[in-house]
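Right, one structure below, let's go through it.
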Amino acid sequence: LSRVSKVTKNAYGVDISKNLISIARKKGLKVKYGDATKLPFSKNSFDIVYSLKVLPHVQNIKEAIKEISRVTKKNGYLILEFYNPYSVRFLTNKFKDLISKQRTFTRYYNIKNIKLLLPENLKLLDFYGIRIFTLFGFLYRILIISKIFKNLDSKFQHSMMRYFAGYLIVIISRV
């Protein structure tokens, strides 16, 4: 939200954590309390709505996507992130699930299943993959390694390799 607010006239965020809302407001960000299935905005409010790191953790994902569609203007865009079951990331997380009993609810979707989640008024335009070549996110925090993986991702994010990325970013139009 901080990055987006620098390049747009109005940027709003939603969170279910009152603590995180307080932190965001201290940074001067416009944030409201709410969850993905009951967004605190009027119908047709936004040209673009994006959701990163949220939808895979929402149990009623169809309702969340319907809600995101509701607040998006006709001919507007949705940019949504999903976790991919055909990735090495999925396998490492399944291994972690076997070891730890306190995992966050997480659901994985391939592109075919993402299309099935979409109501009739949404059309998937394109998708790309992120984190195709690395198993562990912390590697992106090591400068030299980060540059290598980010460069590889940018070269292959629209190739057939995107089907094996840890994250799928879908671009959707509200028709």
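Highest mean first, the peptides 35-43, 1-9 sorted by other C-beta atoms within 10 Å per residue fall in the order 35-43, 1-9.
Across q = 0.18, 0.29 Å⁻¹, region 3-43 modelled as identical point scatterers on its alpha-carbon atoms has Debye log10 I(q)/I(0) values of -0.52, -1.04, in the order of the q list. Post the alpha-carbon centroid distance, region 1-41 to region 92-161, in whole angstrom. Rounded to whole Å, the Cα centres lie 24 Å apart.
For region 19-118, carbon and sulfur atoms together expose 55% of the accessible surface, with a 1.4 angstrom probe and every protein chain in place. The residues of the chain expose, per residue, 64 Å² of accessible area to a 1.4 Å probe. Counting only Cβ charges, +1 for Lys and Arg and -1 for Asp and Glu, the dipole size of region 110-150 around its Cα centre is about 180 debye.
Once the convex hull of all Cα atoms in region 93-175 is built, its volume per residue stands at 124 Å³. Got a sec? Which residues in region 30-70 would a label at Ser5 touch, if it sits 7 Å along Cα→Cβ and we count backbone N under 11 Å? Output list for this probe position: 30-32. Packing, as the average of other Cβ atoms within 10 Å across residues, places the peptides 67-76, 114-123 in the order 67-76, 114-123, highest first.
The chymotrypsin sites (Phe, Trp or Tyr not before Pro) of region 118-154 that meet both conditions, a loop assignment by DSSP and at most 14 other Cβ atoms within 10 Å of the site Cβ, are Phe136. Would you please classify the overall shape of region 62-109 from the alpha carbon gyration tensor, given that a ≥ b ≥ c denote the square roots of the eigenvalues, rounded means a/c under 1.5, and beyond that prolate means a/b larger than b/c while oblate covers the rest? Since a/c reaches 1.5 and a/b is larger than b/c, the shape of region 62-109 is classed as prolate. Counting only lysines at least 8 places from Lys18 when in the same chain, those with an alpha carbon closer than 19 Å to its own are Lys26, Lys27, Lys30, Lys32, Lys38, Lys53.
Dipole size of the chain about its Cα centre, with +1 on Lys/Arg Cβ and -1 on Asp/Glu Cβ: approximately 420 debye, rounded to the nearest 20. In this Cβ point-charge picture (+1 for Lys and Arg, -1 for Asp and Glu), region 1-89 has a dipole of about 360 debye about its Cα centre. Packing, as the average of other Cβ atoms within 10 Å across residues, places the peptides 165-174, 11-20 in the order 165-174, 11-20, highest first.
Taking only the alpha-carbon atoms of region 1-151, what semi-axes of the equivalent ellipsoid follow from 5 times the gyration tensor eigenvalues under a square root, in whole Å, largest first? Intermediate values should be presented prior to the final figure.
On the way: eigenvalues 141, 84, 61 Å².
Values for region 1-151, descending: 27, 20, 17 Å.
The long axis of helix 88-99 is offset from the longest Cα principal axis of the chain by roughly 90 degrees. The residue among Ile23, Val49, Gln59 whose Cα reaches farthest toward the positive pole of the charge dipole of region 1-65, with charges on the beta-carbon of Lys, Arg, Asp and Glu, is Ile23.
The values are calculated or read from the model by the stated rules, or taken from the named source; none is laboratory data. Predicted model only: the values in this text are computed from it and were never measured. FYI the Cβ positions are ideal-geometry reconstructions off the backbone, even for glycines, and counts take in every protein chain you see. Accessible surface areas use protein heavy atoms only, side chains included; no ligands, DNA or RNA. Shrake-Rupley method; radii C 1.70, N 1.55, O 1.52, S 1.80 Å.
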